[in-house]
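Throughout, read-outs are computed from the coordinates displayed, never taken from laboratory work. This structure is a prediction, so every number in the text was calculated from the model and none was measured. For neighbour counting, all protein chains shown are included, and Cβ atoms are generated from backbone atoms with ideal geometry for every residue, glycine included.
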Amino acid sequence: MATITFVLAIYFLVQVIGTLQDLKNKVPQLVNLDSYDTRVLQNNELTANDVKNMDTLQDLITENVSTEKDVKTYSDYLYQLQLPYTYLLQYMYLPSLNIWKDPYTQVIDQSVIGLKFLQKNPYNDITLLQRRSDFFKHVGDNNESNDITDIQIGDIVENASGYFSMPISVSFVANSKRAFLLLVDKLSMTSNRENISLINEFFYYLRQEIKKDKSDEIKSLTTQYAAITGFATDSTDDKVIAYQLYNWIFNNQANTLVDRNVIDKTVKSIIACNNQSDESCYYQFREKYKGIPTFGYLIGTDFSSDPAQNLKTFMLNMPPIFSIKEFTFDKVKSLFANATNAKYQ
């Protein structure tokens, strides 16, 4: 038995050595992609062109490493683009039904009861009717307004993701062509995807300029906010900036991050304006934002006013996301043939 076992061991050892030697001789051939079935790569539209230029496994590995780097680069870039929405704009575009919970700290304000609840709650029937009527009535010009002849607000519907919607039907009479156009501008502000994209872009560059110019202020705010319950758990510079902007716009807290210089740099960064005059830069900015003339002219025209306050004014008046199902109008016929102040209903 010992002899047989020894002979078998010698036999298998010789077989292993022979196999290893055979594989060693085939190494140059094994590194070539021709030795493998690459039909999956050849038939995939994402890899078909690349695999044509590959000869060895190392080429495949190198391409994979390069692709992973590209994916990470674009993923990081996409993440940066989303930060203004993630930390700030979503609370303006899609306000919450929960008026008790702070969106940044998740803390419930237990004092919002009784009269305070009625004053703060924007979703009770009377407040909804008043605010939506005022939205269509007032168009941001003291000399222009619209008459609301009828308004109907349907039930609030909330979906599984926590978002909610409410149908609104409005009949109105615009007392002039200017009042009518100003209302159309208001309605298209957040119902047009391109306009939302422009607002997002402005806040993306605003955030960048704040981080460049206001590092000391951000550090100070970070220390200040660390004492707030629920805020410091995942605080970042971007969250600190957004929290300060939100409280400045909606809670009248002091503004320490946005000034004329920051907005000026933001405007010039958006349009890549380097060695041109301010007049030229701001003209290009207004042209870029002509789809939102209220915003473009508030930020890009009145040099004598406070641009930070103009930005706050715009955000306070910006409506949440609209989805317009139907919009029809007729020009009201006048008794006077040459009347210049036409009305629209």
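Largest GNM mean-square fluctuation across 308, 227, 48, computed for the chain with C-alpha springs under 10 Å, falls on 48.
Please report the orientation-averaged projected area of region 193-317, defined via the convex hull of its C-alpha atoms, in nm².
Working: hull surface 32.7 nm².
Here the figure is 8.2 nm², rounded to one decimal.
Against the chain, whose longest principal axis is taken from its Cα atoms, helix 125-137 shows a tilt of about 80°. Estimated at 0.36 nm per residue, the fully extended path between residue 213 and residue 19 surpasses their Cα-Cα distance by 63.1 nm. Listed values for region 275-282 are Karplus-derived 3J(HN,Hα) couplings in whole Hz (6.51 cos²θ - 1.76 cosθ + 1.60, θ = phi - 60°), namely 9, 9, 6, 4, 4, 5, 4, 6, and x replaces Gly and Pro.
To the nearest 20 debye, what is the magnitude of the charge dipole of the chain about its Cα centre, counting +1 on the Cβ of each Lys and Arg and -1 on the Cβ of each Asp and Glu?
Numbers: 33 positive and 40 negative charges, 151 e Å.
That gives a dipole near 720 debye.
If you run the Gaussian network model on the chain, springs between alpha carbon atoms under 10 Å, then out of 259, 237, 59 the most flexible one is 59.
Couplings 3J(HN,Hα) of region 95-104, computed from phi: x, 8, 6, 7, 7, 8, 8, 5, x, 9 Hz, in residue order, whole Hz [Karplus 6.51 cos²θ - 1.76 cosθ + 1.60, θ = phi - 60°; x for Gly and Pro].
For each pair in 219/288; 290/325; 120/214; 239/288, compute the distance between the two Cα atoms and list the pairs where it is over 30 Å.
Values: 219/288 34 Å; 290/325 24 Å; 120/214 33 Å; 239/288 28 Å.
Table pairs above 30 Å Cα-Cα are 219/288; 120/214.
Packing here is the average count of other Cβ atoms within 10 Å per residue, and on that basis the peptides 105-114, 281-290, highest first, run 281-290, 105-114.
For the chain, what Kirkwood radius comes out of the mean inverse Cα-Cα distance, in Å?
Answer for the chain: a Kirkwood hydrodynamic radius of 25.9 Å.
Compared with the dominant Cα axis of the chain, that is its longest principal axis, helix 260-270 is turned about 50°.
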